[in-house]
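Chemist: Structure incoming, see below.
The values are calculated or read from the model by the stated rules, or taken from the named source; none is laboratory data. It should be emphasised that the depicted structure is a prediction, and the values quoted were computed from it without experimental measurement. Positions of Cβ are generated from backbone atoms using ideal geometry, with glycine treated the same way; all protein chains shown enter the neighbour counts. SASA here: full protein model, heavy atoms, side chains in, ligands and nucleic acids out. Shrake-Rupley method; radii C 1.70, N 1.55, O 1.52, S 1.80 Å.
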Amino acid sequence: MSKVLEVTSEADFAEKSSGFPTSALQVLYFHAPWAAPCKQMSTILETLAATYPVASPPTIGFLSINAEEVPEVSEKYDVTAVPYLVLQKEGRAVDTVSGSDAAKVRAAVEAHAGKAGNPGKAGLPPAQAVNKVEQAAAAGADGTAGSDGSGARKLSAYAPTDLDPKTAPEYSSGTRKTKEELFSRLADLVKAAPVMLFMKGTPSAPQCGFSRQTVSLLRQRGIRYGFFNILADDDVRQGLKEYADWPTFPQLWVGGELVGGLDIVKEEFENDASFLKEYSVSPQPDTGGPAAPSVQAQPA
């Protein structure tokens, strides 16, 4: 029976993917370990894979990819939410499935690979609600670092520097606050700059692929914004999920109002040419970045 193979790096993906003939169907499963729907999807795929016998040469393969740990592959397939499946054949994507609906996953796989030898005993679990990918709202670089126009991949090579604006976590006391005190602090933080990005890491050193993509989007459009590294302050990281009623990161806030995560920001830019235009510092691409330290988040 076939098994789901875990991908640990971009090189590992290239090696495992090239091990299948181009005629074989590759089921690429993008996930994040913290997302409950991904646990559901993992069970679905392991069960479904087991219904397909191992053939020589292979006719189908299942690859599991941590979307945040292998961002180069996630970006290649434009992954903005998990769980997310890409069905690939002959070197191109033939279908995608977002969410953890077992019926949709099985139907998509069978449409391109045919039915398994004993699908009736697969025992696939029922569907579960879809969660947006946890992203960390990111802020662009300071406008001085180089970019090849694509933005995202260059940013991954940045190292933190003294030029990065200071953010509130640096001043955090670590003292536990009441919910009322925390929400009061969050109300100030989301308005610390006209455009405020809550992200994993800093603009020069994003700590996940989704943060890096968000940084790149804002940078490419010359948007000036404030940022907050949620990895440095767990009170903010956990509290903002409840305060915003939005369980994932990155989160982009404008004028103290939540816009959303990476997928929504991408849609806004694609559908509205004027989105955030009033916060652009230059019509030239790749000129956006963090606002001056004076307008960054201040100590509690």
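Chemist: Identify all residues within the range 213-224 that are buried (at least 24 other Cβ atoms within 10 Å of the Cβ) and over 19 Å from the mean Cα position of the chain (by Cα); write none if there are none.
Modeler: Of everything in the range 213-224, just one residue is buried (at least 24 other Cβ atoms within 10 Å of the Cβ) and over 19 Å from the mean Cα position of the chain (by Cα), namely Ile223.
Chemist: Only residues that are open to solvent by less than 90 Å² (accessible area, probe 1.4 Å), touching a residue at least 40 places away in the same chain (Cβ under 8 Å) and either closer than 19 Å to Ala113 by Cα or touching a helix residue (DSSP H, G or I) at 6+ places or on another chain (Cβ under 7 Å) (or both): list them for the range 5-25, please.
Modeler: Listed by number, the residues that qualify are Leu5, Val7, Glu10, Phe13, Lys16, Ser17, Gly19, Phe20, Ser23, Ala24, Leu25.
The rows are residues; the columns are (1) touching a Gly at 6+ places or on another chain (Cβ under 9 Å); (2) of a type in the set (D, E, K, R).
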position	(1), (2)
Val190	yes, no
Pro194	yes, no
Arg212	yes, yes
Lys241	no, yes
Gln251	yes, no
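Chemist: Can you tell which of Phe227, Phe210, Phe198 is out of contact with any helix residue (DSSP H, G or I) (no Cβ under 8 Å at 6 or more places or on another chain), touching a residue at least 40 places away in the same chain (Cβ under 8 Å) and open to solvent by less than 10 Å² (accessible area, probe 1.4 Å)?
Modeler: From the options Phe227, Phe210, Phe198, the qualifying one is Phe227.
Chemist: Further question: Taking the range 174-202 as the region of interest, how many residues are farther than 24 Å from Phe30 by Cα and in a loop (DSSP other than H, G, I, E, B)?
Modeler: Matching residues across the range 174-202 total 10.
Chemist: In the range 41-62, how many residues are part of a strand (DSSP E or B) and hydroxyl-bearing (Ser, Thr, Tyr)?
Modeler: 0
Chemist: Check whether at least one residue in the range 240-253 is crowded, with 24+ Cβ neighbours inside 10 Å and of a type in the set (Gly, Ala, Ser), and report yes or no.
Modeler: No: zero hits.
Chemist: Of all residues in the range 37-72, how many are under 23 Å from Lys266 (Cα atoms) and modelled with pLDDT of 90 or more?
Modeler: 2
Chemist: Does the range 1-41 hold any residues that are closer than 13 Å to Ile65 by Cβ, within 18 Å of the chain's Cα centre (by Cα) and of a type in the set (Gly, Ala, Ser), and which are they?
Modeler: Result: Ser9, Ala32.
Chemist: Can you find a residue in the range 63-71 that is part of a helix (DSSP H, G or I), farther than 25 Å from Gly114 by Cβ, open to solvent by less than 40 Å² (accessible area, probe 1.4 Å) and in the same structural domain as Gly99 (by the TED database)?
Modeler: Yes, some residue in the range 63-71 is part of a helix (DSSP H, G or I), farther than 25 Å from Gly114 by Cβ, open to solvent by less than 40 Å² (accessible area, probe 1.4 Å) and in the same structural domain as Gly99 (by the TED database).
Chemist: Kindly check whether there is at least one residue in the range 83-94 that is open to solvent by 10 Å² or more (accessible area, probe 1.4 Å), at pLDDT 90 or above, in contact with a Gly (Cβ under 7 Å, 6 or more places away or on another chain) and among the hydroxyl-bearing types (Ser, Thr, Tyr).
Modeler: Scanning the range 83-94, I find no residue that is open to solvent by 10 Å² or more (accessible area, probe 1.4 Å), at pLDDT 90 or above, in contact with a Gly (Cβ under 7 Å, 6 or more places away or on another chain) and among the hydroxyl-bearing types (Ser, Thr, Tyr), so the answer is no.
Chemist: While we're looking at this one, here's another question. Please count how many residues of the range 42-59 are of a type in the set (A, V, I, L, M), in contact with a helix residue (DSSP H, G or I) (Cβ under 9 Å, 6 or more places away or on another chain) and either open to solvent by 10 Å² or more (accessible area, probe 1.4 Å) or within 30 Å of Ser211 (Cα to Cα) (or both).
Modeler: Residues that pass the stated criteria total 2.
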